[in-house]
1. Report, by residue number, each residue of segment 29-54 that is part of a helix (DSSP H, G or I), farther than 30 Å from Asp111 by Cα and of a type in the set (S, T, N, Q).
2. Out of segment 60-84, which residues are exposed (fewer than 14 other Cβ atoms within 10 Å of the Cβ) and of a type in the set (Val, Ile, Thr)?
3. From the residues in segment 15-59 that are surrounded by 14 or more Cβ atoms within 10 Å (Cβ to Cβ) and either in contact with a Gly (Cβ under 6 Å, 6 or more places away or on another chain) or of a type in the set (S, T, N, Q) (or both), which one is farthest from Leu70 (Cα to Cα)?
4. Check whether at least one residue in segment 96-115 is exposed (fewer than 14 other Cβ atoms within 10 Å of the Cβ), in a helix (DSSP H, G or I), free of Cβ contacts under 8 Å to residues at least 24 places away in the same chain and within 16 Å of the chain's Cα centre (by Cα), and report yes or no.
5. Could you tell me whether any residue of segment 55-74 is outside any helix (DSSP H, G or I) and closer than 27 Å to Pro112 by Cβ?
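Throughout, read-outs are computed from the coordinates displayed, never taken from laboratory work. Here the structure is a predicted model, which is why all the values come from computation and not from measurement. Cβ atoms come from the backbone with ideal geometry, glycine included; neighbour counts cover every protein chain shown.
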Amino acid sequence: MHWYLDVLKKYVVFSGRARRQEYWMYVLFTIIAAIIVAVIDAVLGTSPVIVAIYYLAVLLPSLAVFVRRLHDTGRSGWWLLLVFVPFVGGITLLVFACLEGERSANAYGPDPKSAYSPA
């Protein structure tokens, strides 16, 4: 759960790097929360309203963590624009999100994995 909250605390921080674990745990908790919100929305009978508000609330943190994930692989956040290329763009971004980050410092900051390694 702290992975989700850490990303929300960095609401619009587009600088730095995000590990694979940070990104994918955020995605997992976002999907779980979206399902819960959708069920609550359906029970209350306000079907698209609460879900739309939730998606708008997590839009910027989601973009920010994905840009930081791209930074971890040594790519600029501008690669996110590939999402507008049908089919190929989404697959390419999925591959980038799955790749291991650079093991040393790059133009976007130090290796975030080294901060979590056991001493």
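1. Ser47
2. Answer for segment 60-84, where residues must be exposed (fewer than 14 other Cβ atoms within 10 Å of the Cβ) and of a type in the set (Val, Ile, Thr): just Val83.
3. Thr30
4. Checked against the condition, which is being exposed (fewer than 14 other Cβ atoms within 10 Å of the Cβ), in a helix (DSSP H, G or I), free of Cβ contacts under 8 Å to residues at least 24 places away in the same chain and within 16 Å of the chain's Cα centre (by Cα), segment 96-115 yields no hits at all.
5. yes
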